[in-house]
Amino acid sequence: MIGTAVAILRKDLRVEVRTRESVPAMVLFSVTVFVLFHFGLDRDSLEGDLATGVIWVTLLLAGLLGINRLYIAERDQGGFTVMRLAPIDLTALWLAKAAALFLYMVVLEVLALPVFDLLLLGPGLDGALPELLPILLLANVGLAAVGALVSALAIETRARDLIVPLLLLPLLVPVIIAAAQATEPLLAAGQSPDDLAKWLGFLALYDVVFVLVSVAVFDFLLDD
Amino acid sequence: MITLDGVVRRYGERVALDGVSVRVEEGQTLVVFGPNGAGKTTLLNVLAGLLRPHAGTAAVLGAELPRESWKLRGKVGLLAHEPLLYRELTPRENLRFQARLHGVDEARVAVVLDAVGMGARADDPVSELSRGMVQRVAAARAVLHDPPLLLLDEPWAGLDPAAVELLEPVVGRGSGKTRVVVTHDVAGGLREADTTLGLKAGVAAPVGDEAAIRDLYR
Amino acid sequence: MTSVLFGRRLGALAWVTAAFMLAAMALVFFYAPEDADQGFRQKIFYVHVPMAIVTLCGFMAAAIFAIKHLRSGDSSWDVRSYVAIHLSIILGVGVLATGAIWAKTAWGHWWVWEEPVLVSYLIVFLLYCCYQPLRFSIADPERQSRYASVFAVTAGAFVPLNFVAVRLAEQYTHPRVLSETGGNLPGDMRFTFIVCLVAMALLFATLWKLELTNKNVSQQLKRLRRRLEAQAS
């Protein structure tokens, strides 16, 4: 199953590199949103809770852009058919898509966070980085798992672009809660991380639950 | 090889296949005629294990559908209406992906591409290829894993005579495989058929000659 | 027009429910003491919290029905799941409304973020609001029920996680609220609360069974009609 997932992932990454559809849009979107927040909040510099809110909401909405497009090629170019005819475990498709999404988010964060630091963040990122990393990684896993599931769930519906955010955003609220609570003290000048372990633990729990749920139900989405 | 008995497949309230029965022996070619919307593509999809029958019995390659449809995986080569190829990838990349999915040695990719005459253009993205070339690559994809059963949806449509000649040993009678072919070409279809089936509005009956086939279209 | 009750159990269930609801109302108005701080208006708590608990259990039950549907392919489980969610959403509006009223009487605002039950309920409600649009935007009925079940399972797993997250985040709740949402209720209040909870659960069960029966009857009617038409032609 892992081998198949790797094969699908490599195919997806090859297509993404060639078309450059998802990731550049996600990055561009994030930078634009930072500018919007600058004007919307009428602030030159953010810290603490405001900074946390801006960065996490921006990352989430940018992630949505990538999630919406996840299975389009499979549906429009026959990928689902090809995979259903092959002697593979179809859960590998979910795994590949979730892995792709995870990688897109990592690239997004690598590019968008420095921009955020430059444009809006008061206290620098440098001190916060070591603690920020596990938060980002665990949140990415949750986002990737749930995003890959919901995107598949919505692929056949008529109003796909609307259903995905409506479904996904409530499901990701716990991730936002945990990530924001954990990040806030890191972005405030002079504060030390509060209950980092507690929130990382919760994020890990969320990740485990939704990976298990996705693996359990994904097959049923491709059946007929 | 294939035995269908009273197969029914619905789409909501509409009946796409209404009690279809047919038998195909190993190595034989079944040609399916019928107007658009008669259920021909649905029939192919049921035979491929992609759609489960709602009623009746179906046995394909020893697998009872729908219970054992997983057994069909990797044993069917489908040449569908859509080419089932990723447009941004090249034929070689598409077939390598297919090879990995089916556990086929990647060396076979070059062999099959040459067999359909696409060796020269194998590294241009599919989006840059002509329709005839795309069809050839699609045929290559369908036979890459050497499946015992071929399901072909209008395989010769849009191909020039040279391409038809090229593909004949790959997906035609020359391949020696059990085949189910959907076509509108009455004369050509009758020529390559061992058995025939006429579908009209989901209802199937064998059709003996040209006159019977033209009746379907009326 | 008379309404036909399908099967004796529905009738009996309805009577028991009515009895419990009467008892609950009597207790709320005549037995439970008035809250020292909030007075009479606190009594909406006896509607709000049981409704919230019952609907949340409804969502989780729907998830279990959905699992059974996916594993068996039997569509009757899907109908049970659908009705449970449908009913919980409708009552969910009531939960939010009574929650807002309670917030207004207790804190002077129609909405407060300090109450974790209310906040996490809003999120759950928003999620389940997507159930019907998702369901009915899929044309093929078999696929529709399968996808709906996948949603119900995912959402069901989400409910407890969400509650934990919101609870963890709202550490700074009004201590008064904590004592009223089930922590340290005095004896007579607790008894009233439990009766209300049972009454609400029975109400949900009755409505659920009623809607299932309705659907069953109309499906059978449709089938008969179709058979008659086939015979006539």
Taking N as the number of residues in chain B, what is its alpha-carbon radius of gyration divided by 2.2 N^0.38 Å?
1.01
Less than 19 Å from a label point 7 Å out along the Cα-to-Cβ axis of residue A:2: which backbone N atoms in the range A:91-111 qualify, by residue?
A:91-103
Suppose only helical runs count, i.e. DSSP H with n ≥ 4. What mean residue ellipticity at 222 nm does that imply for the protein assembly as shown under -39500 (n - 2.57) per run, divided by all residues and rounded to the nearest 500 deg cm²/dmol?
-21000 deg cm²/dmol
Any chance you could tell me what percent of the C-alpha pair distances in the range B:106-215 go past 17 Å?
57 percent
So, in Å, what gap is there between the alpha-carbon centers of the range A:1-29 and the range B:178-218?
44 Å
Once you've got the GNM for chain B with C-alpha springs shorter than 10 Å, pick whichever of B:160, B:124, B:18 has the biggest mean-square fluctuation.
B:160
Which percent of Cα pairs goes in each bin when the distances of the protein assembly as shown are cut into 10 angstrom slices starting at zero?
3, 13, 19, 21, 18, 13, 9, 4, 1, 0
Kirkwood Rh in Å, taken over the range C:51-216 so that all alpha-carbon pairs contribute:
17.0 Å
Mean Kyte-Doolittle of at least 0.5 and a Cα length of 24 Å or more along the axis: which whole DSSP H helices of chain C meet both?
C:8-26, C:45-72, C:75-107, C:141-169
Selected from A:166, A:108, A:28 as most flexible by GNM, with chain A as the system and alpha-carbon contacts under 10 Å:
A:166
Could you give the distance between the Cα centres of the range B:100-158 and the range A:55-134, to the whole Å?
32 Å
7 Å from Cα along Cα→Cβ at both residue B:165 and residue C:15: what's the point-to-point distance in nm?
8.9 nm
Interchain or long-range residues, amide H under 5 Å from residue B:11's placed H:
B:16
Non-local residues with an amide H under 5 Å from the amide H of residue B:149, with H modelled 1.01 Å from N and Pro and chain starts lacking one, are B:77
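What average count of beta carbons from other chains do you get within 10 Å of the Cβ of residues in A:76-83?
If you average over the peptide's residues, the count of other-chain Cβ atoms is 6.
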Starting with the highest mean, order A:120-127, C:217-224, A:141-148, C:195-202 by the number of other Cβ atoms within 10 Å, averaged over the residues of each peptide.
A:141-148, C:195-202, A:120-127, C:217-224
In order through the range A:114-124: 3J(HN,Hα) via Karplus (6.51 cos²θ - 1.76 cosθ + 1.60), integer Hz, x for Gly, Pro
x, 5, 4, 4, 5, 7, 10, 7, x, x, x
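Work out the FRET efficiency for residue A:57 and residue A:159 from their Cβ-Cβ distance, taking R0 = 22 Å, and round it to the nearest 0.05. Could the numbers behind the result be given before it?
Details: r = 23 Å, r/R0 = 1.05.
After rounding, the FRET efficiency stands at 0.40.
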Taking each residue of A:178-185 in turn, how many C-beta atoms of other protein chains fall within 10 Å of its C-beta, and what is the average?
1
Taking a spot 7 Å from the Cα of residue B:8 along the direction of its beta carbon, which residues of the range B:180-216 have an amide N less than 20 Å from it?
B:199-205
P(r) over all Cα-Cα pairs of the range C:85-158, 10 Å bins from 0 to the longest distance, whole percent per bin, short to long, reads 18, 41, 25, 13, 4
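Taking every eigenvalue of the Cα gyration tensor of chain A, multiplying by 5 and rooting it, what semi-axes result, largest first, whole Å? Walk me through the intermediate numbers first.
Values: eigenvalues 210, 69, 44 Å².
Working through the eigenvalues yields semi-axes of 32, 19, 15 Å.
Let me spell out the model: positive unit charges on the Cβ of Lys and Arg, negative unit charges on the Cβ of Asp and Glu, origin at the Cα centre of the range A:8-152. What dipole size does that give, in debye rounded to 20?
On the way: 10 positive and 14 negative charges, 171 e Å.
The calculation lands at about 820 debye.
With an 8 Å Cα cut-off and a minimum separation of 6 or more residues, compute the relative contact order for the range B:1-87 in percent. Walk me through the numbers on the way to the answer.
Details: 118 pairs, mean separation 26.4, N = 87.
Relative contact order, the range B:1-87: 30 percent.
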Distance in nm between label sites at residue C:194 and residue B:195, each 7 Å beyond Cα in the beta-carbon direction?
7.1 nm
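For B:87-98, what's the mean count of beta carbons from other chains sitting within 10 Å of each residue's beta carbon? Don't jump to the answer; show the numbers that get you there.
Numbers: counts 5, 9, 5, 2, 0, 0, 5, 3, 0, 3, 8, 4.
Mean shielding count: 4.
Taking a ≥ b ≥ c as the square roots of the eigenvalues of the Cα gyration tensor of the range A:122-224, is the shape rounded (a/c under 1.5), prolate (a/b larger than b/c) or oblate?
Values: a/c = 3.39, a/b = 2.21, b/c = 1.53.
Here the range A:122-224 falls in the prolate category.
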Go ahead and collect, in residue order, the members of the range A:83-119 whose backbone nitrogen is under 17 Å from a label point 7 Å along the Cα-Cβ direction of residue A:44.
A:117-119
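Laboratory data are not the source of any read-out in this text; all were calculated from the coordinates shown. This one's a predicted model, so the numbers in the text were calculated from it and none came from an experiment. FYI the Cβ positions are ideal-geometry reconstructions off the backbone, even for glycines, and counts take in every protein chain you see.
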